1. Quick one: plug the Kirkwood hydrodynamic radius of the stretch 5-78 (C-alpha pairs) into Stokes-Einstein at 37 °C, 0.692 mPa s, and report D in µm²/s.
2. Over 32 Å between Cα atoms: which of LYS42/LYS103; LYS350/LYS434; LYS197/LYS314; LYS334/LYS471; LYS147/LYS189; LYS189/LYS314 fall into that group?
3. Skipping prolines and chain starts, which residues have an amide H placed within reach, meaning under 5 Å, of the one on LEU175, given they are 5 or more residues away or on another chain?
4. Fewest Cβ neighbours within 10 Å first, please rank MET36, MET188, MET425 accordingly.
5. What's the magnitude of the charge dipole for the stretch 1-62 around its Cα centre, counting Lys and Arg as +1 and Asp and Glu as -1 at the beta-carbon? Answer in Debye, nearest 20.
6. Output the pairs from LYS357/LYS486; LYS357/LYS484; LYS356/LYS505 with a Cα-Cα distance over 19 Å in this structure; if there are none, say none.
7. When the Karplus curve 6.51 cos²θ - 1.76 cosθ + 1.60 is applied with θ = phi - 60°, which whole-Hz ³J(HN,Hα) does each residue of the stretch 8-20 get, with x for Gly and Pro?
Amino acid sequence: MYAIYLRKSRNDDPHDTIEQTLSRHESILYDLANRMQITINKDHVYKEVVSGESIAARPEMQRLLTDIEKGIYEGVLVVEVERLARGNSIDQGIISQAFQYSKTKIITPLKVIDPSNEYDQEYFEFGLFMSRREYKTINRRMQQGRKLSSEQGLYVGSCPPYGYQIKRLKKGTTLQFDAHEYPILTFMKDLIVYQNKTISEVADTLNHAQIKPRKSDYWTRNMVLHILTNPVNIGKIKWEYRQEIKTVFHGEMIKTRPRNKQAHYYKGLHPSAFTDEEYALIKSKIHAKKGKTNPHSSMMNPLSGLIICGFCGKTLLRRPYKDHSDFLICPTKKEYCPNVSSQLKIVEDKILWGLKKVLMTYDRLIDDSSSYAPSMQHTYTLLSQIDKDLCQLQKQFNKTYEFLEIGTYSLETFQHRQQSIQDKMHLLHQQKEKITLSIEQMNFKKEHYTIPILKKVIHLYDLLTPQDQNKLLSSLIDHCIYKKTKSSRWNPQAIDDFELEIYLKI
Ligand SMILES: [Zn+2]
């Protein structure tokens, strides 16, 4: 039984789709099979539709290797040895061994390789090795080719920028407007340039209009920023060769590709979506925004350091907006923390309301005449001693029945013992009540001192600067736990629908 393995490689015409290349190869290999009088069942054609280099990234290769290891094939037909492995030498070893141990032949239009033949094996491994070298050469050649194409104004990327689609020319590829995305791109630009919206507001507007981005469910500020600042929009092609820098770290080779600051821009063959003036305006707005961030922004937040995210434990931060009120946000990325942000003012009001409520309850409970205050520690020791004694007495009380039964006590003695124990217990209960009451009074006393502070906070709060507001709140509040799951963006009723637990210092 024989199999066919098909995979598009970098040697193939890049303008052909994987499907086109593979079907061409398939007919070459069926011709070869006919000449060799081999019949191949359609079920034994392994067609790699993904273009991964490693075995891990090639599901059909994995399937083929499993079948080869079972020893079901006499040979596998491929257009060239290099189609089997590329890149990683471990992968090459795995493939080479699988063919060798199962004695599976590799049949190419050029040569039939029998891995059980020593010379063939060598040729095979050399072929795999060559492919790795070749890959590097091709890669280098491709980079040069891409640069040349960019200089000619062609678009060399495989993924078109937002608003565009790839258009094939005779000498390469360029861009043309995408019928669906281009109006959205223009709409985004108009919001910024002519309606004076911020980048975040553009994202909000798109989300509100239920316009979805290409790959995710909703727009983020960064996505909009990335799209609008792409020089492709003013008809330019950016050539940014990122030089690979290799460093050895703890004996391991680490490759980094730092961003090349000196990117080249070439005049593209594609149409512009923005005028140069519009593009300059967008850029200047972004820079203005960047320069505006206040270095003392924490000083602008009266709740600074006080509100903890109920989901991830991070301290919430104030996020200022140009034309609406500040928000309190969890700094953790949305993917990792579900907490929904709130208007800072609303959280602040809730805290003040909570403090007022505390103040009111304490006002009712307080008793100024209670001045009795022995040390707390002593009181608690006393209380636990009483509990122990009570427990002991209860045991003695139970024992009196036993003694009566076995005749140790006469009825008279029994009654007398019971009475005496009950009296003792009654006395202890009275003592316990007294002490418990005094503890409560001591607590009132503690609250008594906090009341004036609380009152002060509430009265002065609005007159203070955010810094002083923060100082005051920090003197009273240890921390607050904030949790919100409902977004109020499309549901205004959810605006103050959040959980807030206030932990007081006092
Ligand atoms: Zn969080």
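FYI, it's all coordinate maths here, none of it is from the lab. For clarity, every value in this text was computed on a predicted model and none was experimentally measured. Quick reminder, even Gly has a Cβ in these numbers, built from the backbone with ideal geometry, and neighbours come from all protein chains shown.
1. On the way: Rh = 13.2 Å.
Result for D is 249 µm²/s.
2. On the way: LYS42/LYS103 22 Å; LYS350/LYS434 38 Å; LYS197/LYS314 30 Å; LYS334/LYS471 30 Å; LYS147/LYS189 29 Å; LYS189/LYS314 35 Å.
From the list (LYS42/LYS103; LYS350/LYS434; LYS197/LYS314; LYS334/LYS471; LYS147/LYS189; LYS189/LYS314), the Cα-Cα distance tops 32 Å for LYS350/LYS434; LYS189/LYS314.
3. Hits under the 5 Å cutoff: TYR155, LYS167, HIS270.
4. Ordered from fewest to most neighbouring Cβ atoms within 10 Å, MET36, MET188, MET425 come out as MET36, MET425, MET188.
5. Values: 8 positive and 10 negative charges, 27 e Å.
So the magnitude is around 140 debye.
6. Violating the 19 Å limit, Cα to Cα: LYS357/LYS486; LYS357/LYS484.
7. 7, 10, 5, 6, 6, 4, x, 7, 7, 7, 4, 4, 5
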